[in-house]
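Here is the structure we will look at.
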Amino acid sequence: QKEVEQNSGPLSVPEGAIASLNCTYSDRGSQSFFWYRQYSGKSPELIMFIYSNGDKEDGRFTAQLNKASQYVSLLIRDSQPSDSATYLCAVRVGHDMRFGAGTRLTVKP
Amino acid sequence: KAGVTQTPRYLIKTRGQQVTLSCSPISGHRSVSWYQQTPGQGLQFLFEYFSETQRNKGNFPGRFSGRQFSNSRSEMNVSTLELGDSALYLCASSPGGGLDEKLFFGSGTQLSVL
């Protein structure tokens with residue numbers, strides 16, 4: 001079992017819709033959780049982080065964490081074509097940051 | 001504040017050669033991590049350095065090594081290159097490597113092994 005797993009995608013949504021990205025992790029000792037966005041040919045950039053169970057909202061982005069289910073998700077409301085990218089889920093395990101393989105999202109105009 | 005700087009941006013080598021990649025972290029950041037990114041495997045953790053000491057290491061062969069200098073700059077070395085080493089190598093820095101710290105990535109070095 002991989003340490004961090006994401007829904008494989010690719011995921012395609014129409015402009016204005018809600019995009020839902022999911023991630024599960026295997027290490028119950030994981031303490032902090034991150035979502036990175038990576039445009040093609042670019043390096044990952046941080047868009048959200050969450051440490052506690054529940055929801056965290058930042059603009060059109062909402063991160064959700066359920067430690068009992070070892071599940072993290074990212075919702076993107078009112079999706080825009082500029083949101084088209086690969087989204088990486090990352091989990092801190094001790095001093096390491098472990099990444100999922102990523103989910104490619106395409107938002108169609 | 002300058003971001004994470006990686007050099008060179010692109011590198012072409014042949015099998016059997018060795019290569020050294022460089023990373024300068026954000027000023028004040030003491031932790032530097034290295035990742036290998038390939039289309040099939042995603043981001044794979046190589047190692048992390050903090051205050052010139054390797055604190056963690058991923059599951060890569062001994063051909064992959066690194067070091068960190070007193071100014072927090074880091075280098076990664078790959079010896080006896082193989083075709084499978086072709087990848088984007090990303091360096092990331094954080095202030096102290098705390099359990100809730102975020103990583104900030106450089107632009108990466110694209111290595112092609114022929």
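Just so it is clear, none of the values below were taken in a lab; they were calculated from the coordinates. Everything quoted here is computed from the prediction, not taken from an experiment. Ideal geometry is used to build each Cβ from the backbone, glycine not excepted, and the neighbour counts take in all protein chains shown.
Positive end of the dipole of chain A (Cβ unit charges, origin at the Cα centre): among A:S26, A:S73, A:V107, the Cα lying farthest that way belongs to A:S26. For chain B, the mean projected area of the C-alpha convex hull, equal to one quarter of the hull surface, is 6.7 nm². Of the DSSP beta bridges with both residues in the protein assembly as shown, give the percent that are antiparallel, rounding to the nearest 5. Antiparallel bridges make up about 90 percent of those DSSP assigns within the protein assembly as shown. Which stretch or stretches of region A:75-99 have amide N atoms under 16 Å from the point lying 7 Å from A:Q31's Cα along the Cα→Cβ direction? So the set is A:91-98. In terms of the mean number of neighbouring beta-carbon atoms within 10 Å, the peptides B:56-62, A:85-91 order highest first as A:85-91, B:56-62. Global size of the protein assembly as shown: 17.5, 51 Å for Rg and Dmax (C-alpha atoms, Rg to one decimal, Dmax whole). Working from the pairwise distances between different alpha carbons, so that the mean of 1/r is found and then inverted, what is chain A's Kirkwood radius in Å? One over the average 1/r among Cα pairs gives 13.8 Å for chain A.
Evaluating 6.51 cos²θ - 1.76 cosθ + 1.60 at θ = phi - 60° for every residue in region A:55-62, the Karplus couplings come out as 10, 9, 10, 8, x, 7, 9, 10 Hz, glycine and proline recorded as x. Backbone amide hydrogens, once placed in the peptide plane, bring B:R63 within less than 5 Å of nothing, excluding anything fewer than 5 places away on its chain.
Projected label points at A:S69 and B:R15, each 7 Å from Cα along the beta carbon direction, are separated by 4.8 nanometres. Across peptide A:35-44, the mean count of Cβ atoms from other chains lying within 10 Å of each residue's own Cβ comes to 4. Across region B:53-65, rounded Karplus estimates of 3J(HN,Hα) from the backbone phi angles (6.51 cos²θ - 1.76 cosθ + 1.60, θ = phi - 60°) give 10, 6, 9, 8, 9, x, 8, 10, x, x, 5, 9, 9 Hz, Gly and Pro being marked x.
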